[in-house]
1. Restricting to the stretch A:384-423, count the residues that are in contact (Cβ under 8 Å) with a residue 40 or more places away in the chain and open to solvent by less than 60 Å² (accessible area, probe 1.4 Å).
2. Is it true that A:ILE831 is open to solvent by 30 Å² or more (accessible area, probe 1.4 Å) and touching a residue at least 40 places away in the same chain (Cβ under 8 Å)?
3. Identify the single condition in (1) touching a residue at least 12 places away in the same chain (Cβ under 8 Å); (2) among the hydrophobic types (A, V, I, L, M, F, W, C); (3) in a helix (DSSP H, G or I) that A:VAL350 does not satisfy, given that it satisfies every other one.
4. Being touching a residue at least 60 places away in the same chain (Cβ under 8 Å), within 14 Å of chain A (Cβ to nearest Cβ) and assigned to a helix (DSSP H, G or I) is the filter here; which residues of the stretch B:31-79 pass it?
5. Would you be able to say whether some residue in the stretch A:856-863 is surrounded by 13 or more Cβ atoms within 10 Å (Cβ to Cβ) and away from every other protein chain (no Cβ under 12 Å)?
6. Would you check which residues across the stretch B:87-121 are modelled with pLDDT under 85 and either of a type in the set (Asp, Glu) or not in a strand (DSSP E or B) (or both) and list them?
7. Hey, among A:ARG836, A:ARG811, A:ARG823, which residue is surrounded by 15 or more Cβ atoms within 10 Å (Cβ to Cβ) and in a helix (DSSP H, G or I)?
8. For the stretch A:632-650, how many residues are assigned to a helix (DSSP H, G or I) and open to solvent by less than 70 Å² (accessible area, probe 1.4 Å)?
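The values are calculated or read from the model by the stated rules, or taken from the named source; none is laboratory data. Keep in mind the model is a prediction, meaning the values are calculated, not measured. Note that we place each Cβ from the backbone using ideal geometry, even for glycine, and neighbour counts take in every protein chain shown. Note: accessible area is taken over every heavy atom of the protein model, side chains too, but ligands, DNA and RNA are not part of it. Shrake-Rupley method; radii C 1.70, N 1.55, O 1.52, S 1.80 Å.
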Amino acid sequence: MANVLKRKAAEQILSRLKAANLKGLFTLGRSIKGKLLFWLLLISLVPMAVIALFSWRYSASALQQQSFENLETTLAFQHQALHQYFTEQEKTLKNISETMQLLQNEAHIKLAAVRDLQKKQIIDYFQMRYQNTQAFANNPEQKKMFTGFIKDASTEMDSAFAEYLTNWLEQRDFSALVLLSPDGKVLYSTDKDMTRGEVVKEKTAEWNALQKGIQETAFIDYSPSSFHAEHTDKMVAYFSTPFTIEGKLEGVLLFGLKGNALDDITKNPPGLGDKGESYLVGVDGMFRSNSAYFAEPTLANPAFVVDTESVVYALSGESGEETTNNYRGDYVLSSYTSVEIYGTTWVLIVDLDQADAVAPKRKVADKETDHLSELAAHYGFPDLYLINPDGYIFYSAKKQADFLTNMLSGPYKDTNFGGTVAKAVTSKEIAISDYDFYAPAGDKPAAFLVAPILSNKQEIIMFAALQIPIDQINAVMDIRSRFEEGSKHQTGAETAIADTYLIGSDHLWRSESSNAKKYGVEKTLLNPKAKVATEAVTEALSGKDNTKIIVNGAGESVLSSWAQFKYKDLTWAIISEVSEDAVHQPVTNLLKIIGVTVLSAAALIAVVSLLVAGGVTRQVKEIVQVMSKVEKGDYSMQAKVTSKDELGRLAGDFNTMTGTIQNLIQTRQEEHDKLNNSIIQLLEEITQLADGDLTIRATVTDDVIGTLADSLNMMLDELGRAFRRIKDSAEQVGSTANVLSSSTGELADQNNTQSQLLNEAVQKISLLTAEIRGAAEKAGQSAGTSKISSQVAEDGATAVRETSHSMEAIRSNVQNTARAIKRLGESSQEISDFARTINEISDRTSILALNASIQAAAAGEEGRGFAVVAEEIQRLAERAAVSTRQIETLIRNILGEITEAGVSMDASIQEVVQGTKLSQNALAKLEEITTRSNEVAELIEGVASASKEQADTTAALASKMTDIGRVSLETAQETMGASISMREMAAMGDDMLQAVAVFKLEKESR
Amino acid sequence: MPDEQGIKRAALKTVAVRLTGAKVLDQEPVLLFATRQVEEILQDVEVRPLPFAPDWLLGLCAWRRQVLPVVDIAKLHGMSFSADRSLYMVIRLVVPAEDEKENSSRRMLRCILKVSDRIAARELPKQCAAAAIEASGLDPALFKGLFAHEDGMMMVPNLLPTLCPPAAWPEPAV
């Protein structure tokens, strides 16, 4: 029994497990060890997994949020830093510009001072020569020496005097002395080229000198000489002075000016550096001094013509300073003035190289340098330039290929530098270029900042330009990264390092990526292969800023923050980004730690549960083995007791229980066998009873079965008697029933026929009744309709009568109205007459007033008061005239309308009269209709009531016939029932006899 | 030369008659009379026609025991006006003496002008520009002047040549 229960319980559990489809999951649960292992693992690992899941989610989102904030901060910082960098560059450039302006101003001042000094020296020099000339001519000793030449052309010069003369001329920078007769003949000359007796040619220097020298001491500017046949282009200048003996003009002395006379003054001007020079130019544009830059003498040399602006300005009498091209085409600071030398105007120009002026060279440790180069080196500029207003680079710190070229027209005009210079020239403001490959810088990317330098008059005197070093921009972009690295070391916190970079409007890099290989290139700056066209770049360039996760140019998923960087004409996208993987690295690490912890915990729990379960399960296994034997009915087995705990005690108790069960089974078996034998005996005795033999009797024993046999015997006795009686009665019933059955059958048939006939009659009567009733109803309805129509006709008559009365009233009203309208017309006519009268009066008044006003005016001052009254009267008369005219119009309109009203009134009256007649006719007809309708209604009502009575009578007849039919049908049915009962009864009697005949009955009971 | 008082009076008032519907130099003509020239304005007069008279001379009329000629001024100037009714204006004229120094030989003439009903006493129109009579196609002898004004063409008629042609009128019996 217990086994069965156990099995059932086990099956139940298994079926439930199957139902829950957890069999696979719980296969471990077949043993206690397994269950322990399973549940312990489940209880410990699920919370861990939940914690891991939540911590992963929260930390990931917090980390992402923090990274976004960090990124935005980084971007803002970098943006600020970059802007500050450019602002600093601009400031530096402005400082340089101011310095340049100052230096140039100083140079101008210096030049002006040198020029004025030189001018004074030149004027002094010529003054001295002038005085020398006069002194020579007035010296009586010398006069005496020359007297002979005047008297005799063949006179020889005294050799001692000749020597003296040569020295005298040499010391005073004269090249030659010539004595001309007043008619232009050479009387004496120290110049070997001039032969005595020769006559000067017209328009030559000597001829000019003669013309002027006859009158007074004069200076003759450089002009072609008469006596240099082989060198006709040779030019000479003279001081000429009259030569008189005892007050009589005997000739003219000409003192030829030495070619290099002024070199001492002009060739080494003080404080102008290597490239500074000063020179004199005549009105013919030719030099009046020798240039230090040409080996050939430039003095009065037609091969060297100076036609600079300075010459033109100076010749027009101005003095000043300007920055201009000099005769060599160099850009110089020039100071010019005119010099008056005894009626001759020369121009003195002092030039200073512009580069020397603003960036003077100096030697430091045997190396030539200047302060601009030092500045460029100090600030780390790849190059620093000074450009003159028309785009010519006159100074460059590095002196690369672009030095001394013109940025507006030269070979580099189409570079970004050239474009920026052009922009600065146009805008007169600081201009900046974007990065581009620049050939003079070794085809490396370069950007330029160009600032105009303005004079005090706000005119551009030059431009200062600097090349913006890319490494500094890279350094600016790198600041934040390094800062973050530092903070990481300090705090030990895991912070992903953000990359910040710049992208230009052409989607190319403007900074060098720290990890260029990521983009598949060596260098990213301006590299078309590393073109970045991400959402970040597009949005930032269009001026939008945002922070979100995107895919960057290298195809990585990154957290990116971007903004537009705008500096003057420069529009870049500045982007800070950090790899999403890097951001999530700490979370991944956390997940790894949690995973390792979970696995360790699982292993530990498995070992512990195996150890604990091992002790428990050995005893349980013993019990289970014994129980499986018991289950098969073997109660002889005993479980081994292996432990002393509750399970050990359970094993002991189990052993005792199996012993007790074994004894109980044996006792029950013996009792069972005894009872079995008694039953078998009884069954054998009563076997014939089954065949219907009620005569047999069982043996009565002393046990429980004996009592049963006794009772059975008694029952058989009683049963035999009863069957005998039944058999007899059945036979009687059978015969009687058969007789009755045949008679009742006939009766029933007759009744049925009668009933059918009655039914048919009743149906016909019913149809008749229904028809009569229908006729009665229709007659009733007709009567109602007649009544209603009679009523309607009466109502109609009443309405028509009322209408007729109303028509009468209307006719009377309309007639009254017509009369009133006629009266109104007459009144209006009267008003019209009055208005006409008023109009006439106003006309007359108006003319009277006009006359009065004319008279008043004629009366002059005295009539003025009266004139006012007259005018007022006239105005009143005019107003009255206007009003009466309006009244007349109105009255005319009213009269017209009244006439129309009268006509329509007459028509109305005619219509009303016609209407009244018609309504009276209608009334008569309606009254006739009412009378006829009433008569019809009465006739129909009579027909209806007669039909109704007839229908009622027929209905009563039908009802009675139905009753009769029903009764005879019932009788037939009952008779038929009786006949059937009789037949059944007879059958029952037969059945009963047949049934009882089976049993074998004792004969004596009959 | 009119005396000072006369100027003042003339400046005070004029009587303007607008000939409605007529046109002179594209403007509606307005006849101007000095107030002292106008004796009376009559609503209607009984005109006795004269045989063989020009069409502008409507006839003769009795006024204050005097017989005065009635002149249709519009017809006289070859114009016509449209008006609800016509009015008649009694005008007085002074015929100058032949010898200007002799004031005593001046004499007074009166006539009645048939005019439109648009008569008004008004100030002398100011700010008007003199217009050439020749350009208007009118007889220069019959006007003292034409003046273009915003209210219309102001015309000052000279009735003397019409009413008193030299030597046409006999010397009145003294």
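1. Residues flagged as in contact (Cβ under 8 Å) with a residue 40 or more places away in the chain and open to solvent by less than 60 Å² (accessible area, probe 1.4 Å) within the stretch A:384-423 amount to 13.
2. Yes, satisfied.
3. Failed condition: (3).
4. B:THR35
5. No, because not a single residue in the stretch A:856-863 is surrounded by 13 or more Cβ atoms within 10 Å (Cβ to Cβ) and away from every other protein chain (no Cβ under 12 Å).
6. Result: B:PRO96, B:ALA97, B:GLU98, B:ASP99, B:GLU100, B:LYS101, B:GLU102, B:ASN103, B:SER104, B:SER105, B:ARG106.
7. A:ARG811
8. Residues meeting the conditions: 2.
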